[in-house]
Amino acid sequence: MNSEMQDKKWLWGGIALQLGTGYTVAYLVYQMGTLITTGSLGTGFIPGLMAVAAMVAMVMALINRANKKLKSEHQLTA
């Protein structure tokens with residue numbers, strides 16, 4: 001990935017995105033499977049939900065920051 005992106009920021013961003021996606025999918029599969037098989041939520045439902053919410057909030061903040069930066073760099077002036 002490092003040779004493709006040529007920037008450490010994007011390298012770490014790609015790794016973080018993969019880890020966040022993997023954690024979120026694993027969390028959802030575990031909770032749904034536990035709910036289906038036992039009829040109750042799995043262990044650590046609230047802490048896991050808070051972790052997923054924190055990851056989503058961080059990704060959204062990074063996306064908004066990147067969008068603002070791109071808009072300011074490519075803004076047309078009169």
Task: Per-region count, the stretch 1-15, residues assigned to a helix (DSSP H, G or I) and touching a residue at least 12 places away in the same chain (Cβ under 8 Å) - done: 3
Task: Some residue of the stretch 34-43 being surrounded by 10 or more Cβ atoms within 10 Å (Cβ to Cβ), over 12 Å from the mean Cα position of the chain (by Cα) and part of a helix (DSSP H, G or I) - done: yes
Task: Checking Met32 against (1) closer than 23 Å to Trp12 by Cα; (2) at pLDDT 85 or above, the condition it does not meet - done: (1)
TODO: Within the stretch 59-78, track down each residue that is within 20 Å of Thr21 (Cα to Cα) and either among the hydroxyl-bearing types (Ser, Thr, Tyr) or touching a helix residue (DSSP H, G or I) at 6+ places or on another chain (Cβ under 8 Å) (or both).
DONE: Val59, Leu62
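Kindly indicate whether Gln31 is of a type outside the set (A, V, I, L, M) and at positive phi.
So Gln31 fails the test.
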Open item on the list: For the structure I just gave you, tell me whether Leu49 is without any contact (Cβ under 8 Å) to a residue 40 or more places away in the chain and either touching a Phe, Trp or Tyr at 6+ places or on another chain (Cβ under 9 Å) or exposed (fewer than 10 other Cβ atoms within 10 Å of the Cβ) (or both).
Closed with: yes
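The values are calculated or read from the model by the stated rules, or taken from the named source; none is laboratory data. Because the structure is a prediction, the values reported are computed rather than measured. Here the Cβ is made from the backbone with ideal geometry for all residues, glycine too, and neighbour counts use every protein chain on show.
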